[in-house]
Amino acid sequence: MVRDFITSHSTLWNGKQVFCLATMGLFSGDGAGCAARLLKGYGAEILGGLHLKMPDSICDIKLLKRSPEEDRALIKAADDKIDHWAEKIKAGEWPEEGLRAYHRLAGLLGQRLWFSGKTKDYSDKLNISEACVGCGSCASLCPMGNLSIQGRKAVAGGRCTMCYRCLNSCPKRAITLLGKKVIQQYNCDMVLKNGR
């Protein structure tokens, strides 16, 4: 999705200064670097890169699950990291997370080799179980218009970007993508209580 956006707007990047920010659930070897390399190829000047670990949104992979308390701690750490780097950037020092050769190697070994078949193109692997009641929340949230309600059940097309909005919003936990069972649906309101 990011690659397609950068490529389809290729004429925008020439001569622009870009700072790449990547969020991650567990690990991001070169998340910012993947976008930076594309942007640089279209003439952008890359100022820096920053990776922020955030609460996971992939609700059908148990490895990534954390408690609400741990998610709140992640958000606090991300806030602190943003504040830290904002001060450094004001002083002229830019972070380079994801932009170095060792980040690229870590991204290759830690992510792309495992995910390559799953994320190479838009996915047609969205699974909708019999638990679906056709409420339409998934279809209303899909940024690609990939979901529709037919015969009181959600039906998926072949242009899923793996954003996980539908999985996280389904009240019946009827949708899966990478795993076979929804373990926990990330809920921002649940994690960000007390005005945080």
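No value in this document is a laboratory result; all are computed from the given coordinates. Keep in mind that what you see is a predicted model, and the values were worked out from it rather than measured. Here the Cβ positions follow ideal geometry from the backbone for every residue, glycine too, while neighbour counts run over all protein chains shown.
Of the residues 50, 98, 157, the one whose Cα sits farthest towards the positive end of the charge dipole of the chain is 157 (charges of +1 on Lys and Arg Cβ, -1 on Asp and Glu Cβ, taken about the Cα centre).
Here the contact order of the chain, divided by its residue count and restricted to Cα pairs under 8 Å and six or more residues apart, works out to 22 percent.
Restricting the GluC sites (Glu not before Pro) of the stretch 4-101 to loop positions (DSSP other than H, G, I, E, B) with no more than 12 neighbouring Cβ atoms within 10 Å leaves 93. At 7 Å along the Cα-to-beta-carbon direction for both residue 137 and residue 80, put a label point, then send me their distance in nm to one decimal. In this crude label model, residue 137 to residue 80 measures out at 3.3 nm. Applying 0.36 nm per residue to the separation of residue 2 and residue 153 and subtracting their alpha-carbon distance, the gain on full extension is 51.4 nm.
Taking springs between alpha-carbon atoms closer than 10 angstrom, which of 161, 11, 176 fluctuates most in the Gaussian network model of the chain? Taking springs between Cα atoms under 10 Å, the residue moving most is 11. All C-alpha to C-alpha distances of the stretch 1-123, sorted into 5 Å bins beginning at zero, yield P(r) values of 2, 10, 16, 21, 20, 17, 9, 4, 1 percent in whole numbers. Within the stretch 1-100, the chymotrypsin sites (Phe, Trp or Tyr not before Pro) that combine a DSSP coil assignment with at most 13 other C-beta atoms in a 10 angstrom radius are 27. Of all DSSP-defined beta bridges confined to the chain, some 45% are antiparallel rather than parallel. Taking N as the residue count of the stretch 127-179, its C-alpha radius of gyration divided by 2.2 N^0.38 Å amounts to 0.96. Scalar couplings 3J(HN,Hα) for the stretch 171-182, obtained by applying the Karplus form with A = 6.51, B = -1.76, C = 1.60 to θ = phi - 60°, are x, 9, 6, 8, 10, 9, 9, 8, x, 9, 8, 6 Hz; x denotes Gly and Pro. For the chain, a simple Cβ point-charge model (Lys and Arg +1, Asp and Glu -1, everything else neutral) yields a dipole of about 600 debye relative to the Cα centre. Can you give me the distance in nm between label points at residue 14 and residue 88, each placed 7 Å from the Cα along the Cα-to-Cβ direction? My value for the distance between the label points is 3.4 nm. For the stretch 83-96, backbone phi angles converted through the Karplus equation (6.51, -1.76, 1.60; θ = phi - 60°) give residue-by-residue couplings of 4, 4, 6, 4, 5, 5, 5, 4, 8, x, 9, 10, x, 10 Hz, Gly and Pro being listed as x. Seen against the Cα atoms of the chain and their longest principal axis, helix 31-41 is set at about 60 degrees.
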